[in-house]
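Okay, structure first, notes after.
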Amino acid sequence: MQKELVDRSAAASYLGIKTQTLAVWACTQRYPLPFVKIGRRVMYRIADLDAFIMANRHGRNEVVA
């Protein structure tokens, strides 16, 4: 079973980018990628990461099944 929330390191790995890139995006609000703060920890929902990926697709609009 996959966890609903992942930390910044796991989210960066999921997106194929560096952890620091996510930190910059959160600070500058460059992309509308929601995150959750739990104390000092920054967490991301897998569903939000998937939505971010889909929102940033380019090319054909067909969905391959």
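The values are calculated or read from the model by the stated rules, or taken from the named source; none is laboratory data. Since the structure is predicted, the reported quantities are computational estimates derived from the model, not experimental observations. Using ideal geometry, Cβ is built from the backbone for each residue, glycine included, and neighbour counts are taken over all protein chains shown. Remember, those area values only see protein heavy atoms, side chains included, never the ligands or the DNA or RNA. Shrake-Rupley method; radii C 1.70, N 1.55, O 1.52, S 1.80 Å.
Structure data summary
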| read-out | value |
| --- | --- |
| The chain - charge dipole about Cα centre, Lys and Arg +1 at Cβ, Asp and Glu -1, debye rounded to 20 | 260 debye |
| Structure-derived volume of the Cα convex hull per residue in Å³ - corresponding label in (1) 102; (2) 88; (3) 122 | (1) |
| Whole-percent carbon and sulfur share, accessible surface of the chain, 1.4 Å | 54 percent |
| Coil-residue trypsin sites (Lys or Arg not before Pro) of the stretch 9-60, DSSP, other Cβ within 10 Å capped at 16 | 18, 30, 40, 57, 60 |
| Solvent accessible area, Å² - residue 36, 1.4 Å probe, full protein context | 50 Å² |
| For the chain: relative contact order, % (alpha-carbon pairs under 8 angstrom, 6 or more apart) | 35 percent |
| 222 nm mean residue ellipticity, helices alone, for the chain (DSSP H n ≥ 4; -39,500 (n - 2.57); rounded to 500) | -12500 deg cm²/dmol |
| Rounded accessible area per residue of the chain, 1.4 Å, Å² | 80 Å² |
| Accessible surface ranking that places the most exposed of 35, 52 first, with a 1.4 angstrom probe | 35, 52 |
